[in-house]
Amino acid sequence: MKLYDCQIAPNPRRVRIFLAEKAVEIERVELNIAEGDNLKPDFLAINPRGLLPTLVLDDGTALDEVVAISRYIEETHPEPPLMGTSTRERAFIESRNRHMEIDGFMSVAEIFRNTHPSFRERGLPGVSAVPAIPQLVERGRAGIARFFERLNSYYLGQRPFVAGDQFSIADITALSVVDFAKWVEEKVPSNHVNTLRWYEAVSQRPSATA
Ligand SMILES: N[C@@H](CCC(=O)N[C@@H](CS)C(=O)NCC(=O)O)C(=O)O
């Protein structure tokens, strides 16, 4: 197996954290998104969308999408479980993870893609002919504010982790959102004590530096 990776990018980091939690090592190929390595013909032959992370299996199957890659790793390396063990748990964790992606990750990405000069002509990730739309930044900032509020009061208000009592893929996504948000000057408000307690704990896990 080979993981097409980008050290600075938040979605590849989610897979690296997942792998580190499982203590699974995979050969990696580093591509620099800022320099457009992912849009060159060699990589497009592997993933025509030009997106990272991409995991190429030994039979040549190319899997993209963080959750699909994580699912493959979870099923081939079940311990420790990060995506639930019972039907209820699997569905609940998936639901929470989607919330982290749609409400959190997408909001930060909206701000980032529409402000960063390197992406002025690359408004959507991967192969794209869509220029940035600066008006979307305001919507992204409103979205991340709403996300932070819910993270503190709802998801982490009563339980230690985003999907309950165990660390899961939903925490990995949420951690990546909080760190990605710093790139666009969005920080967890200082009175969000539940989120700050959780953030300190998950950031101290050895996987967080992956
Ligand atoms: N939904 C995809 C998102 C993948 C994605 O957007 N990756 C970004 C890096 S964080 C990327 O490949 N960007 C390429 C580009 O901007 O050209 C996933 O879960 O893997």
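The values are calculated or read from the model by the stated rules, or taken from the named source; none is laboratory data. In this text, all values refer to a predicted model and were calculated from it rather than measured experimentally. For neighbour counting, all protein chains shown are included, and Cβ atoms are generated from backbone atoms with ideal geometry for every residue, glycine included. These area figures cover heavy atoms from the full protein model, side chains too; ligands, DNA and RNA do not enter into them. Shrake-Rupley method; radii C 1.70, N 1.55, O 1.52, S 1.80 Å.
Okay, residues lined up against (1) open to solvent by 90 Å² or more (accessible area, probe 1.4 Å); (2) within 11 Å of the ligand (Cβ to nearest atom):
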| residue | (1), (2) |
| --- | --- |
| 109 | no, yes |
| 114 | no, no |
| 125 | no, yes |
| 129 | yes, no |
| 143 | no, no |
| 159 | yes, no |
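Determine whether residue 166 is part of a loop (DSSP other than H, G, I, E, B), among the polar types (S, T, N, Q) and either over 25 Å from residue 67 (Cα atoms) or under 18 Å from the mean Cα position of the chain (by Cα) (or both).
No.
Quick one: which residue in 74, 21 is open to solvent by less than 20 Å² (accessible area, probe 1.4 Å) and not small (Gly, Ala, Ser)?
74
Of the residues that make up the range 29-45, is at least one farther than 30 Å from residue 185 by Cβ, open to solvent by less than 70 Å² (accessible area, probe 1.4 Å) and in a loop (DSSP other than H, G, I, E, B)?
No, the range 29-45 has no match at all.
Could we say that residue 153 is surrounded by fewer than 20 Cβ atoms within 10 Å (Cβ to Cβ), free of Cβ contacts under 8 Å to residues at least 60 places away in the same chain and not acidic (Asp, Glu) here?
For residue 153, the condition - surrounded by fewer than 20 Cβ atoms within 10 Å (Cβ to Cβ), free of Cβ contacts under 8 Å to residues at least 60 places away in the same chain and not acidic (Asp, Glu) - is met.
Take residue 118 and tell me if it is within 10 Å of the ligand (Cβ to nearest atom), in a helix (DSSP H, G or I) and either modelled with pLDDT under 95 or buried (at least 20 other Cβ atoms within 10 Å of the Cβ) (or both).
yes
State all residues of the range 50-72 that are outside any helix (DSSP H, G or I) and either within 8 Å of the ligand (Cβ to nearest atom) or within 16 Å of residue 19 (Cβ to Cβ) (or both); if no residue qualifies, say none.
Of everything in the range 50-72, those that are outside any helix (DSSP H, G or I) and either within 8 Å of the ligand (Cβ to nearest atom) or within 16 Å of residue 19 (Cβ to Cβ) (or both) turn out to be 50, 51, 52, 53, 54, 55, 56, 57, 63, 64, 65.
When the range 1-17 is examined, which residues are found to be open to solvent by less than 10 Å² (accessible area, probe 1.4 Å), among the hydrophobic types (A, V, I, L, M, F, W, C) and in contact with an Asp or Glu (Cβ under 8 Å, 6 or more places away or on another chain)?
Across the range 1-17, the qualifying residues are 3, 6, 15.
Quick one: how many residues across the range 77-93 are in a helix (DSSP H, G or I) and surrounded by fewer than 18 Cβ atoms within 10 Å (Cβ to Cβ)?
Within the range 77-93, residues that are in a helix (DSSP H, G or I) and surrounded by fewer than 18 Cβ atoms within 10 Å (Cβ to Cβ) number 6.
I'm trying to understand the selection: among the residues of the range 70-101, which are in contact (Cβ under 8 Å) with a residue 60 or more places away in the chain, aliphatic (A, V, I, L, M) and over 26 Å from residue 136 (Cα atoms)?
82, 83, 93
Mind listing whichever residues of the range 116-135 are among the β-branched types (Val, Ile, Thr) and either in contact (Cβ under 8 Å) with a residue 12 or more places away in the chain or on the phi > 0 side of the Ramachandran plot (or both)?
127, 133
Could you tell me which numbered condition residue 104 fails, if it satisfies all but one of (1) in contact (Cβ under 8 Å) with a residue 60 or more places away in the chain; (2) in a loop (DSSP other than H, G, I, E, B); (3) within 15 Å of the ligand (Cβ to nearest atom)?
All conditions pass for residue 104, except number (2).
Scan 201, 210, 174 and give me the residue that is out of contact with any Cys (no Cβ under 6 Å at 6 or more places or on another chain) and buried (at least 22 other Cβ atoms within 10 Å of the Cβ).
The conditions single out 174.
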